[in-house]
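Q: What follows is a structure written as structure tokens; I'll ask about it next.
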Amino acid sequence: MVVPVVFFALFFAWPVVSIVERGLRVDGAWQFGRFGETLSRPEILDVLWFTCWQALASTGLTLLIALPGAYVFARFDFRGKGLLRAVVTVPFVMPTVMVGTAFLALVGRGGLLDELWGLRLDGTVWAILIAHVFFNYAVVVRTVGGLWAQLDPRQEEAARVLGASRWRAWRTVTLPALAPSVAAAALMVFLFTASSFAVVQILGGSTYSTLETEIYRQTVVRFDLTTAAVLTMVQFFAVGAVLAVHARIVRRRETALKLVAPEQTARRPRGLGQWALFAGVLLSVALLIVLPLGVLVERSFATSHGYGLDYYRALQTPDPSGTFLVPLLDTIGNSLRYAVVATLIALVIGGLAAAALTRRAGRLVRGFDALLMLPLGVSAVTVGFGFLITLDEPPFDLRASWILVPLAQALVGVPFVVRTMLPVLRAVDERLREAAAVLGASPWRAWREVDLPLVRRALLIAAGFAFAVSLGEFGATVFIARPDSPTLTVAVARLLGRPGELNYGQAMALSTILMVVCAVSLLLLERLRTERTSGEF
Amino acid sequence: MSIKKAAAAALVAALGVTTLAACGTEDVRDAAGKSGAPVPKTVTLVSHDSFNASKEVLAEFTKQTGFTVKVLKSGDAGEAVNKEILTKGSPQGDVFFGVDNTLLSRALDNGIFVPYAAKGLDRVPAEYQLDKEERVTPIDSGDICVNYDKKYFADKKLAPPVTFDDLAKPAYKNLLVVENPERSSPGLGFLLGTAAKFGDDGWQGYWSKLKANGVKTVDSWELAYNQEFSGSAGGKQAKGDRPLVVSYASSPPVEVLYGEPQPKVAPTGVSTGTCFRQTEFAGLLNGAKNPEGGKALIDFLISKRFQEDMPLQMFVNPVAKDAALPELFTRHGVVVEKPETMAPEKIAEKRDPWIQQWSSLVLK
């Protein structure tokens, strides 16, 4: 409990509080009057309204499309499942600039929809919503699917033997068991889409802005820290309220469940209905995720004289201007190193927090549970600027240190670790732990023997998330990455920022490599899981 | 081991890592301190994301002065300047490079720089030296201009536009894409260019004409250039249909440099009567830990060696008279005879109200 609290206080609460104070206290006088003034401006109200409803709509749409996917991944056994699970997670690491490009190629001028039906969605809210589904599909599939796969299907079958209809059996047996993880997934998608920045900027044109883009505008463009601080506070309380409501809903629902190995629950689809569901999910994944990514891959091969490997070859040779001091291929190593460190930090902090949260149930602890989610909903600009004015004294003058990158990335990774592990940890029957204790095991040993085998799967899923988040992270990385060690995402952004065919093509090629690196890393994590867990049950 | 002990151990480890990391950045300084030499050997340059310099040139600096340059990139230009204002007195580094004339007043009014007259400043024309108190030193300049797709205009047998007035003519209807001045610096430069050309009360009328002539607005240079512009590689793939875009006078040479294979002539051209001049400055930061190294670095930034390296690194023009332009620029670039300019104080005063007026005029 102590470690996560200190980590959270030092690298999140302190920077955010400091920057808000800086904005709200001008010459020693608090500017609370600015709240009413700012919040009565019509354009700010428009921003608040749009932020809320697009996040709600995005969350609803994502659940609608991804829950069948979660079911298919949890209950069906099919070839290439691991690969497909890795593929749906790839969007998570993609630099948003690239994703914007990919979506414009599908829904924009001359895009697929335009050519087929003369339909253009760029600059509309639909483009934003669809891109949000693309990004967050994996959140639902992984958090809900992870638990679903471990639920014993025999409980539902027992209910049906006792005379319950299929629907009733699902509603009374499976749904209550799944509810906490569905709620957790919905919450994360909501927080992500409410603080969406680049998607809104690229696909929404100049028409739409969210609280997040507005905070950026006030901080970076206008340098109006007071307005930014007011908006940060609004964001803070709104996110806090959402978290409180969520905690209330979920608390009563979490019960001990009988968990089994996922290998036991999955089988090949049977019957027309199941095959139709399976095909539907595959189709939606193909349209929503594979197709946009495919556009980028296609462009990475499309040179001015037909398809070829020219851009990939160029990645190995130094840049004609000598701008990138290293061959661009080296950026893969840099990205992986940062991601590994960030994942380890997130696992340690998140794991300890999750363990502490299962053991204690006081009000304070529950509050802390919600607090750990805050970084997902609070503006990255606020945190970044806060870092600058707080972490400026030794031993915490981290502004120029590489560790700042994994620390900032871990801040986003920790909520995933906690959220993925908590439902599983809480589902562990307390009597198992008690039995272990009665038999003389120390708490550590009891955890290792009872909890760990059951949560190992969740732990690896969480690790995959934390890893993907840090691999694709851009904001903190661009700030700190040295010129001689850029990461993949930083290199892509720099290439796109310059004219010239070679730059554009290399950006596409690097993005393709980023996809492959992500997919392969996640596949390796999956392999780790099956090897270790086989024979455990 | 109990959970508490494990937690305590992990905390110690976590703090250990961060402290070590912090020390890692300090140890050069500490080592210098212990050996009795109080001068730190590292000089830290804070800049925006577009900063680049070749390795040999930075090594040359180390050879000349004994200082090693550490570069810290701090976001886009506006973000980087704001961060320096926030950390005033406890700066992230010793020298800041990359504040341009559109942001200069904000930086100077907040007092983030201390005066330093760089050695060799006499080689820089007076027109670039915008701060009389010498708190900042001009390093490079560049022009924001409309670029055109040569092939489009050749195919249509239409002369490409040259001036601001041309852009509002019916022959060029629905051809131009610009960036939102609130979110993009070329967009802001273009707006300031029109204000300089048509006057404080004349530019609104000009933009109404542009709007009637079908100007399109997007949020960033990347979107305008790589998606909408028909003359760039990205734009061709994305089936961009705008042959006119707000970009830089140096964009055509860069298209040549990164052509695959390199073309003999640039595929794009510059409308030389639509340009706004941007000048970038460097200054010694208030509270710098290594002011000596910082001063040496500023001297170096306007030295012939660095100035001649700059064009191919950041695609800008040197300001020092003795610095020669690379062949790529002399052959494929253009000379902008009379770019529009504006005093930093005026930009600081008008920037926000103008952007607001522009938004309600063009976006709504």
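Q: Against the definition (modelled with pLDDT of 80 or more, more than 20 Å from residue A:86 (Cα to Cα) and in a helix (DSSP H, G or I)), how does residue A:106 come out, yes or no?
A: Answer is yes for this residue.
Q: (1) at pLDDT below 95; (2) surrounded by 24 or more Cβ atoms within 10 Å (Cβ to Cβ): which one isn't true of residue B:281, the others all being true?
A: (1)
Q: Which condition number does residue B:273 fail, the rest of (1) surrounded by 23 or more Cβ atoms within 10 Å (Cβ to Cβ); (2) in contact (Cβ under 8 Å) with a residue 60 or more places away in the chain being met?
A: (1)
Q: Sticking with this structure for a sec: Go through (1) without any contact (Cβ under 8 Å) to a residue 60 or more places away in the chain; (2) surrounded by fewer than 17 Cβ atoms within 10 Å (Cβ to Cβ) for residue A:218 and report which single condition fails.
A: (2) is the only condition that residue A:218 fails.
Q: Ok, one more. Collect the residues in segment B:195-224 that are touching an Asp or Glu at 6+ places or on another chain (Cβ under 9 Å), farther than 16 Å from residue B:358 by Cα and within 7 Å of another protein chain (Cβ to nearest Cβ), keeping them in residue-number order.
A: B:223
Q: So, one more: Of the residues that sit in segment B:239-265 and are part of a loop (DSSP other than H, G, I, E, B) and more than 10 Å from chain A (Cβ to nearest Cβ), which one is nearest to the chain's Cα centre (by Cα)?
A: B:249
Q: Still on this model: How do the helices (runs of 4 or more DSSP H) wholly within segment A:119-186 filter down when requiring 1 or more residues that are within 30 Å of residue A:103 (Cβ to Cβ), out of contact with any Phe, Trp or Tyr (no Cβ under 6 Å at 6 or more places or on another chain) and not hydrophobic (A, V, I, L, M, F, W, C): which remain?
A: Per the criteria, A:125-148.
Q: Looking only at segment B:109-120, filter to residues that are within 21 Å of the chain's Cα centre (by Cα) and not in a loop (DSSP other than H, G, I, E, B); which one of those is surrounded by the fewest Cβ atoms within 10 Å (Cβ to Cβ)?
A: Within segment B:109-120, the match that is surrounded by the fewest Cβ atoms within 10 Å (Cβ to Cβ) is B:109.
Q: For segment B:281-314, which residues satisfy the criterion of being of a type in the set (Gly, Ala, Ser) and either closer than 15 Å to residue B:96 by Cβ or not in a helix (DSSP H, G or I) (or both)?
A: B:282, B:283, B:287, B:288, B:293, B:294, B:303
Q: Select, from B:351, B:277, B:331, B:305, the only residue that is of a type in the set (Lys, Arg) and within 10 Å of chain A (Cβ to nearest Cβ).
A: None of the other options fit; the residue is B:351.
Q: All but one of (1) under 22 Å from the mean Cα position of the chain (by Cα); (2) farther than 24 Å from residue A:19 by Cβ; (3) touching a residue at least 40 places away in the same chain (Cβ under 8 Å); (4) within 14 Å of another protein chain (Cβ to nearest Cβ) hold for residue B:77, so report the exception by its number.
A: (2)
Q: For segment A:276-314, which positions are farther than 20 Å from residue A:496 by Cα, hydroxyl-bearing (Ser, Thr, Tyr) and within 14 Å of chain B (Cβ to nearest Cβ)?
A: The one that is farther than 20 Å from residue A:496 by Cα, hydroxyl-bearing (Ser, Thr, Tyr) and within 14 Å of chain B (Cβ to nearest Cβ): A:307.
Q: Could you list, in sequence order, the residues of segment B:100-146 that are of a type in the set (Asp, Glu) and closer than 19 Å to residue B:278 by Cβ?
A: B:100, B:127, B:131, B:140, B:143
Q: Considering A:83, A:63, which residue is away from chain B (no Cβ under 14 Å) and closer than 25 Å to residue A:210 by Cα?
A: Among A:83, A:63, only A:63 is away from chain B (no Cβ under 14 Å) and closer than 25 Å to residue A:210 by Cα.
Q: Mind checking which residues of segment A:201-235 are outside any helix (DSSP H, G or I) and of a type outside the set (A, V, I, L, M, F, W, C)?
A: Of everything in segment A:201-235, those that are outside any helix (DSSP H, G or I) and of a type outside the set (A, V, I, L, M, F, W, C) turn out to be A:204, A:205, A:206, A:207, A:208, A:209, A:210, A:222, A:224.
Q: Which ones in segment A:294-317 are touching a helix residue (DSSP H, G or I) at 6+ places or on another chain (Cβ under 8 Å) and not hydrophobic (A, V, I, L, M, F, W, C)?
A: Hits for segment A:294-317 are A:299, A:300, A:303, A:304, A:307, A:308, A:310, A:311, A:312.
Q: Taking the stated definitions as given, is residue A:448 within 11 Å of chain B (Cβ to nearest Cβ), surrounded by fewer than 20 Cβ atoms within 10 Å (Cβ to Cβ), without any contact (Cβ under 8 Å) to a residue 60 or more places away in the chain and not in a loop (DSSP other than H, G, I, E, B)?
A: Considered against the rule, which asks whether it is within 11 Å of chain B (Cβ to nearest Cβ), surrounded by fewer than 20 Cβ atoms within 10 Å (Cβ to Cβ), without any contact (Cβ under 8 Å) to a residue 60 or more places away in the chain and not in a loop (DSSP other than H, G, I, E, B), residue A:448 comes out as yes.
The values are calculated or read from the model by the stated rules, or taken from the named source; none is laboratory data. Just so we're clear, the structure is a prediction, and the values are computed from it rather than from any experiment. Heads up, the Cβs are rebuilt from the backbone with ideal geometry, glycines too, and the neighbour counts pull from every protein chain shown.
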